[in-house]
Every structure is written in structure tokens, then in C-alpha cells.
Amino acid sequence: MKTIICLFITGLLLSVNSSFVMAAEDVDRLLKSALRVFNPLPEKMPGSENDTAERIALGKKLFFETRLSINNTQSCASCHRLDDGFAGVDNLPTSPGARGEPGTRNSPTVLNAGWQRTQFWDGRAENLVEQAKGPILNPIEMAMPDEQAVVKKIQDIKEYQDAFVTAFPKSKPAVTYHNIAEAIAAFERTLITPSRFDDFLNGDTKALTQLELQGLKTFIKLDCKQCHDGVLLGGEAFEKLGKKNPYDNQSDQGMYALTKDNDDRMFFKVSALRNVALTAPYFHDGKLVTLSEAVRSMAWLQLDMKLTDQQVDEVTGFLRSLTDKSREK
């Protein structure tokens, strides 16, 4: 009798587990579906055609340069950390500025950012160069008074004088506010993070686990791809946060603060999902702490769906496959 019961339980477990094993032909079909919606990361970022090794090296130094702030305490890397496996964020709801005052919005990742159509949550900067100019003069972030003060401060540092001439040989003078931003952008255009999902899109059907494959299938079936598509799985369109059900925090009205157009209330740029498992907390206000919570909330806010625990586990499983391979460990 015990033998029969054991055999029955074993058979039942095998049956349950087999439901998570996707047949090879189904994986191939899923890959074809994915390629209609998503794109693997290209080898180079848009705008990198004129990026020289000297310009990138200068940009890297400037990215970590605290002297770009009013009191020599804050750099780009303070909010967009790249050390110790950080994914271009500081994992804080909002980041403290040079004087310790917290910012008003969550700092998005700088990784792969050059593929976004515009920069910032409200799209007010059209590219990485324009984005790099913003925080330096922001009164909360790096708090420098004006462009001239920034240029003078950098010009007076001997090591930068030669570096700018080398990086911008045709520019007279070499040290300009635009060139500071251009150099930082050149470095940021090297922050490309291929994932196992890219391997899958490039034809390696064994790159993803069974949970990740099922999660990809669920992600597509739930129509998350409606907004999260393309190279970055997002980062291009602007959508109303709370399309189907209102978002609790209405204090930040999104693009409306920039445009003053009532039609833009609560519109924010759709978040890019690459490395999303490493970039908590989530949303523009950093209110959601876990990836599971973010997935569940987005389904309710945008799709009017209450996901099951299994659906949440599947989708978050897939999203973890978007992590930079060098940062997965």
C-alpha cells in the first residue's frame, strides 16, 4: 500500500513539474513571438560614432568628479552608482543632493540609457548630452550656479586642461559646458549590458530557464509588451500612470509640471526594464520596494488585472533574465 501511495505521489509530482517544461517547438514559437516585439541590444549606442578613446576616458573621469558640484561632494556616480555591482542607481527612493536635500523623483538607471528616445521621467532632455547638463545646475542635485562657474572650475584644474584639448582637438576653447556634457555622454554610451535574454533573442533557446520562458510567455500574453517593447523593453513611450485605476500618490503630476497641459497629468516615461531586478525601489517616486510589488501594481494600474501569485512569480522570473550578465552574480 505504501508503495502504491509513493508511486502515486511521485507520478503526481512529475506531472506537476512537467507543466513547467516547455517543449522545444514551443520554445521556438516563443522566440519568434518575442522577436516580433523585442530587439537584442546592438553593439554600439546611438550617437557613439564620434566617441574616441580619449573622449570616453575624459567622460569617465568627469562622471566620477565631485568637483562638478557646489561643495565638491556630489558626482554623477553619487546617484548613478556603478561600483560593487550597482546597476546605475543608488537604490534609494529619491537621491540626496550636494547639500543633503532629497530629490523629487527616483533616479533612473544610466545603463543603456542612450537607447531611450528622451531622458528624465518627463522627457525634458532629448539625449544623453542634454541630460548630463541638467543635474550639474539643478539646485537640489549638484547645485552649481551657472554654466560659466562650472567651466571656470574645470578650466582651473590642470589635469583637465590637457585632457579636454586631447578629447576635443577642434574645439576652441576645448573646455566648454557642452563639451563637459558631451564627454560624460560618451562614457555613458559605453554602459551597454547584454543579458541572457539577448542570448535568447540571438537564437540560444537554452539561455533562459523554464521559469523565465514561462514568464516571457505570460509577459506577452498579459500584454505587458504593449508599453514595454523594443530594445530596452520600454524607455520610449509616455503613458498615464493609473490608466485603468488611479495611482495613490498624485502629488507629482508628471509631464504636466513641464507642459502645463491638462492632458499630460500623471503621464510619465515608460520605464525601461533592462536590469530592473537590480534597480529597486520602483516608479517615479520610489514608493514600491520589491519587483513583485511593482509587477502586481502595474497590472492593476495599467491593465485592470489582479495577477495571481503564480503569474507574478513567472513575470518577475522573466524580468530577472534582463539583468546584465556581468552583474547577475
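If you go through the range 31-42 one residue at a time, do you hit one that is touching a Cys at 6+ places or on another chain (Cβ under 6 Å) and not polar (S, T, N, Q)?
Within the range 31-42, not a single residue is touching a Cys at 6+ places or on another chain (Cβ under 6 Å) and not polar (S, T, N, Q).
If you check Ala149, Ala113, Ala125, Ala132, which single one turns out to be small (Gly, Ala, Ser), without any contact (Cβ under 8 Å) to a residue 60 or more places away in the chain and buried (at least 19 other Cβ atoms within 10 Å of the Cβ)?
Ala132
Of the conditions (1) assigned to a loop (DSSP other than H, G, I, E, B); (2) free of Cβ contacts under 8 Å to residues at least 24 places away in the same chain, Gly286 fails just one. Which one is it?
The number of the failed condition is (2).
For the range 29-83, which residues satisfy the criterion of being assigned to a helix (DSSP H, G or I) and among the charged types (D, E, K, R)?
The initial filter retains those residues of the range 29-83 that are assigned to a helix (DSSP H, G or I), namely 29-35, 48-50, 53-63, 66-68, 76-79, 83.
If the condition is that a residue be assigned to a helix (DSSP H, G or I) and among the charged types (D, E, K, R), then Arg29, Lys32, Glu49, Glu54, Arg55, Lys60, Lys61, Arg67, Asp83 are the ones that fit.
Check Asp204 against each of (1) modelled with pLDDT of 95 or more; (2) under 23 Å from the mean Cα position of the chain (by Cα); (3) part of a loop (DSSP other than H, G, I, E, B) and name the one condition it does not meet.
Status for Asp204: all satisfied but (2).
How many residues are under 13 Å from the mean Cα position of the chain (by Cα) and part of a loop (DSSP other than H, G, I, E, B) when one looks only at the range 118-139? Before you say what the answer is, go through the steps one by one.
Start the filter on the range 118-139 by keeping residues that are under 13 Å from the mean Cα position of the chain (by Cα), which leaves 118-121.
The next check asks that each one be part of a loop (DSSP other than H, G, I, E, B); those that pass are 118, 120-121.
Here the count works out to 3.
The values are calculated or read from the model by the stated rules, or taken from the named source; none is laboratory data. Bear in mind the structure is a predicted one, so any value in this text is a computation, not a measurement. Quick reminder, even Gly has a Cβ in these numbers, built from the backbone with ideal geometry, and neighbours come from all protein chains shown.
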